[in-house]
Amino acid sequence: MKHATPRRLAVVAAAAFLGAGLTAAVAQPMGHAGYGGGDVVGAIARVKSELNLDTSQQAMWDSAVAASKSARAAMRSNRDSVRAALNAELAKPEPDLAAVSAAADSAQTQSIALRHQARAAWLNLYGTFTPGQKAVVKTQIQNRLARADEWRAKMLQRHGSGQ
């Protein structure tokens with residue numbers, strides 16, 4: 001960076017930090033339950049063909065898909081709004097990073113609420129499953145976790161524990 005002042009470096013670093021944090025928060029896959037918690041929505045979606053949904057369940061499926069798509073689009077819009085706010089502040093001689101942080105926090109709160117609503121639609125569908133359908137989803141989650149554990153062990157072996 002040519003003629004970088006400490007203040008300019010601080011603004012650039014703060015902008016990068018805010019952008020990275022918001023992107024990580026908003027871009028999470030729908031239904032992600034956290035580390036080791038599995039991906040509930042993904043597990044259900046990946047085994048649709050094996051579930052043999054009845055008519056009522058298929059209607060709930062379609063509704064859950066629509067809720068997920070709508071939430072994803074709204075979260076993308078939230079992310080874009082924060083990016084626009086950041087760019088607007090960076091265009092000023094003295095950017096107000098607190099305002100950008102507030103916008104990012106608001107967008108993250110909205111996005112979390114949207115993700116929860118979409119996940120609730122999927123969990124409501126899951127609640128209608130027969131024991132056999134639930135067993136199919138359970139097996140999918142167990143297999144996915146086993147693959148994740150194998151991958152993690154392979155990466156630890158290859159790169160060390162990193163601790």
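Right, Ala59: modelled with pLDDT of 95 or more and either touching a strand residue (DSSP E or B) at 6+ places or on another chain (Cβ under 6 Å) or not charged (D, E, K, R) (or both) or not? Against the criterion (modelled with pLDDT of 95 or more and either touching a strand residue (DSSP E or B) at 6+ places or on another chain (Cβ under 6 Å) or not charged (D, E, K, R) (or both)), Ala59 qualifies. Scanning segment 73-91 finds no residues that are closer than 14 Å to Ala120 by Cα, buried (at least 17 other Cβ atoms within 10 Å of the Cβ) and either in contact (Cβ under 8 Å) with a residue 12 or more places away in the chain or among the β-branched types (Val, Ile, Thr) (or both). Among the residues of segment 46-64, the ones that are part of a helix (DSSP H, G or I) and either of a type in the set (Asp, Glu) or without any contact (Cβ under 8 Å) to a residue 12 or more places away in the chain (or both) come to 6 in all. Only one entry in Leu18, Leu22, Leu97, Leu9 is at pLDDT 60 or above and of a type outside the set (Asp, Glu), namely Leu97. Checking the structure you have, find out if any residue of segment 34-55 is touching a Leu at 6+ places or on another chain (Cβ under 8 Å), at pLDDT 95 or above and within 30 Å of Gly132 (Cα to Cα). Within segment 34-55, not a single residue is touching a Leu at 6+ places or on another chain (Cβ under 8 Å), at pLDDT 95 or above and within 30 Å of Gly132 (Cα to Cα). Ala135 fulfils the conditions (1) at pLDDT 95 or above; (2) surrounded by 14 or more Cβ atoms within 10 Å (Cβ to Cβ); (3) part of a helix (DSSP H, G or I) except for a single criterion, (2). Within segment 68-91, take every residue that is of a type in the set (Gly, Ala, Ser) and in contact with a Leu (Cβ under 9 Å, 6 or more places away or on another chain) and give me the one that is farthest from Ser111 (Cα to Cα). Ranking the candidates gives Ser70 first. The residues of segment 128-163 that are within 17 Å of Arg46 (Cα to Cα), small (Gly, Ala, Ser) and more than 21 Å from the chain's Cα centre (by Cα), listed by number, are Gly132, Ala135, Ala146. Residues that are surrounded by 12 or more Cβ atoms within 10 Å (Cβ to Cβ) and part of a helix (DSSP H, G or I) within segment 118-132 comprise Ala118, Arg119, Ala120, Ala121, Trp122, Leu123, Asn124, Leu125, Tyr126, listed in sequence order.
The values are calculated or read from the model by the stated rules, or taken from the named source; none is laboratory data. None of the values given here were measured: they were computed from a predicted structure. Every residue, glycine as well, gets a Cβ built from its backbone with ideal geometry; the counts of neighbours run over all protein chains shown.
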